[in-house]
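Comments concern the structure below.
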Amino acid sequence: MDRCIVLVDAGYLLGAAASLLAGEPSRSRITVDHAALIQGLRERAESDTERPLLRIYWFDGAPDRVPQPEHRRLRVMPRVTVRLGALTRSDGRWAQKGVDAAMHAELTELARNRACSDVVLVTGDGDLLPGMMAAKEHGVAVHLWAVQAADGDYNQSEDLVAEADERRVLDRTWITKAVRAKEFGGICAPPPAPRPEIAAILSAPLPESAMPSRSERGAREQDHSQPAPSENGTQERGSAAKGVPTPKDLAALRAPGAQATQHAPANATLRWSSDKGWVDRPGAAESADAAALPTLAQLTTAEQRWADREEDITAVSGDPYEVGQVFARRWMGRLSDPVQLQKLSTMYPRVPHRIDGELLRYAARFGLLAHKDDQIDEHDRYAIRAGFWREIDVRTAAEHAPAGE
C-alpha cells in the first residue's frame, strides 16, 4: 500500500543525540520534547518517502518492561505505538534486551503483509540486516536514517548502510528542534515552567510553637562553637547540637519511659517523611478526623475501578503533578459527604497518612519508582502532593464561589 511506516530505535536515536549535543551517550544528559520529536519524524518521513504516514513504532527498553512516564506520554499520541523491551543493569551500565528482536519481527511482519510501501528505520544496529533484506524482498523500499555522529564518522553498521535503498542524516539543526543538552549542574534548557504549588508545600512554615526561642538558638550556637571534650580527650559535639532528628530519634522519644529534651519535645513529629523540622503532634480530635476520612479504594465500585484503569492506560501521561490531580479528582467526585472534603482542606499541607500512602502507591503504577531502592524520587513526591492539593483547592474554591461567578 502507498504509505510509510517509521521504526525508531529510541536507544540509538536519543543516545546518539546525547553524544552529539552533550558529549556522551547518556540520555540523562539531554531533555526531550517528545511531541516535537514525533512531529518532526512524521513530517520528515512523509517528505522523504512522498507517502502519507501510517504509524510510528517507538522501540525502547524499560526496567521490568514497565512503561516509564515518557512511554506513557508517547503511546497516547496519534499514530504512535510503543513497544518495550527489557532494560537490565550489568557492570554499572544499562543495556536493552529484546528491542532489536522486536524491531526485526515488526519489520518483517509489516513487509510480509504489504502494510506499507516504504519503511523508515532510525537505527544503527547491524542485527537488523536480515530484517531489512527480507523487507526488500517483499517489495518494500527501506530508508535508513542516521543521527549525525559527534566525531563526524559513522555511528551505524556499514552493512546496514550498504543495504539500505535510501539514506539520510538527521543533523544537529534537526535534532535541536526537539532535543536540548542539559546545562552543567543538571539544569535543563529551557528551564521547566515554575510550579507555585510545589514551592508552597516546600516552603510551608512550621508553627511558632515548634520554632526554638532566641535563647535556645544562642545556646545551640554556643554548643556548636565549643564542643565538649570526650573521655578520651578528643573533642566531640554533644547530642544537643544535633539540629534535625532522624525518624529513629523520634521513635526513641515515643518509646515508654523516654524523656523529652529541650531540642526534641516528646510530642514532636515530622511534617513529611523527608522534611527537616518539628511540628506539634496533632491532637486527638484532628487524628480522629484524619482516620475517619475514607480512602479512594473504599469509595470505588468495581465498575469505576475498571474505568479508572482504562483511563490510566489511555489518557494519563504519568507526569507526577498530573497523577496527584487525577487521584484527587476521583476521590472528591466519589465523596458522599462534603464535610469530609472540608476536613481534608484544613489539614494542608499534610496529606493524611492513609490517603497519602494510597496516593503514592497509585503513583508507583506509572513507573515513578526509582528502581535503585524502589522509592519515589523526593521531587516527584512533592509534585504528586502538590497536584493533589491543587485539585482539592480548585474544587473547594468553586464550591464557595458566589453564584454567577
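The values are calculated or read from the model by the stated rules, or taken from the named source; none is laboratory data. Fair warning: this is a prediction, and the values are worked out from it, not measured in the lab. Cβ atoms come from the backbone with ideal geometry, glycine included; neighbour counts cover every protein chain shown.
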Test: residue in the range 74-81 that is under 23 Å from residue 142 (Cα atoms), surrounded by 17 or more Cβ atoms within 10 Å (Cβ to Cβ) and touching a strand residue (DSSP E or B) at 6+ places or on another chain (Cβ under 6 Å): yes
Elements of type strands (runs of 3 or more DSSP E) contained in the range 118-181, each with 1 or more residues being under 24 Å from residue 52 (Cα atoms) and touching a Phe, Trp or Tyr at 6+ places or on another chain (Cβ under 7 Å): 118-122, 166-170
Considering residues of the range 300-323 that are at pLDDT below 80 and of a type in the set (Val, Ile, Thr) only, the residue surrounded by the fewest Cβ atoms within 10 Å (Cβ to Cβ): 314
Close pairs (9 angstrom Cβ cut-off, 6 or more residues apart or separate chains): assigned by TED's automatic domain parsing to the domain that holds residue 54 in the range 7-18, of a type in the set (Ser, Thr, Tyr) and in a helix (DSSP H, G or I) anywhere: 18/28
Helices (runs of 4 or more DSSP H) wholly inside the range 292-365 that include at least 2 residues being in the same structural domain as residue 392 (by TED's automatic domain parsing) and among the polar types (S, T, N, Q): 302-314, 338-345
Test: residue in the range 91-112 that is surrounded by 14 or more Cβ atoms within 10 Å (Cβ to Cβ), acidic (Asp, Glu) and in the same structural domain as residue 157 (by TED's automatic domain parsing): yes
Residue 26 vs. criteria within 25 Å of residue 168 (Cα to Cα) and at pLDDT below 90: yes
Residues (free of Cβ contacts under 8 Å to residues at least 12 places away in the same chain, among the small types (Gly, Ala, Ser) and part of a strand (DSSP E or B)) located in the range 70-94: 90
Per-region count, the range 298-320, residues closer than 27 Å to residue 377 by Cβ and among the hydrophobic types (A, V, I, L, M, F, W, C): 3
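Considering every residue within the range 38-45, establish whether at least one is exposed (fewer than 14 other Cβ atoms within 10 Å of the Cβ), in the same structural domain as residue 144 (by TED's automatic domain parsing) and acidic (Asp, Glu). Working first, answer last.
Of the residues in the range 38-45, the ones exposed (fewer than 14 other Cβ atoms within 10 Å of the Cβ) are 43.
In the following step, the residues that additionally are in the same structural domain as residue 144 (by TED's automatic domain parsing) were identified as 43.
Next, from what is left, pick out any that are acidic (Asp, Glu): 43.
Yes: one or more hits.
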